Amino acid sequence: MATLLFRLNNVPLDEADEVRILLEEHQVDFYETTAGRWGISLAAIWLKEETQLERAKHLIAKYQRERQENAQREYQEQKAAGTHDTFLKRFLREPIKVLIYLLVAAVIAYFSTTPFLDL
């Protein structure tokens, strides 16, 4: 019976590709479903045989730990070099976009709190 292994909704393409390659390298039989035309279905990687579930979960958990460690290391290297992205750097690079986001957040906060303040 098919078993859900890995949801692909909101997963970066490179991570999804690396998971597929990892499973293929370790001869884990799987198939994939897409989110469909309107994006409402479950995009996921499914195992064909439930007997491979524990091994596949272990492989993915190890991969995700390594990916997290690499991302943290890269961030620390960027921070040490002074090349990491900060609010000020982003504001200087894209001031209009940042101001629009702040305006939208302020409007949402206003409409979310106004009914409670009128009591």
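The values are calculated or read from the model by the stated rules, or taken from the named source; none is laboratory data. What you are looking at is a predicted structure, and each value in this text was computed from that prediction instead of being measured. Please note: Cβ atoms are built from the backbone with ideal geometry, for glycine as well, and neighbour counts cover all protein chains shown.
Quick notes on this one:
- Arg37 being of a type outside the set (Ser, Thr, Tyr) and modelled with pLDDT under 95: yes
- Any hit, the stretch 86-106, residues being of a type outside the set (S, T, N, Q), in contact with a strand residue (DSSP E or B) (Cβ under 7 Å, 6 or more places away or on another chain) and modelled with pLDDT of 95 or more: no
- Scanning the stretch 47-54 finds one or more residues that are touching a helix residue (DSSP H, G or I) at 6+ places or on another chain (Cβ under 7 Å) and at pLDDT 95 or above.
- Among the residues of the stretch 36-53, those identified as of a type in the set (A, V, I, L, M), over 23 Å from Glu66 (Cα atoms) and in contact with a strand residue (DSSP E or B) (Cβ under 9 Å, 6 or more places away or on another chain) are Leu42, Ala43.
- Any hit, the stretch 9-17, residues being modelled with pLDDT of 95 or more and in contact with a strand residue (DSSP E or B) (Cβ under 9 Å, 6 or more places away or on another chain): yes
- From the options Gln52, Gln64, Gln76, Gln27, residue that is loosely packed, with under 11 Cβ neighbours inside 10 Å and free of Cβ contacts under 8 Å to residues at least 40 places away in the same chain: Gln27
- Only one of the listed residues (Glu69, Glu74, Glu50, Glu94) is charged (D, E, K, R) and closer than 27 Å to Met1 by Cβ. That residue is Glu50.
- Search result, residues across the stretch 3-15 that are free of Cβ contacts under 8 Å to residues at least 12 places away in the same chain and more than 10 Å from the chain's Cα centre (by Cα): Asp14
- The stretch 80-96, residues that are surrounded by 10 or more Cβ atoms within 10 Å (Cβ to Cβ) and either in a loop (DSSP other than H, G, I, E, B) or touching a residue at least 60 places away in the same chain (Cβ under 8 Å) (or both): His84, Asp85, Thr86, Glu94
- Odd one out for His58, checked against (1) assigned to a helix (DSSP H, G or I); (2) more than 19 Å from Thr3 (Cα to Cα): (2)
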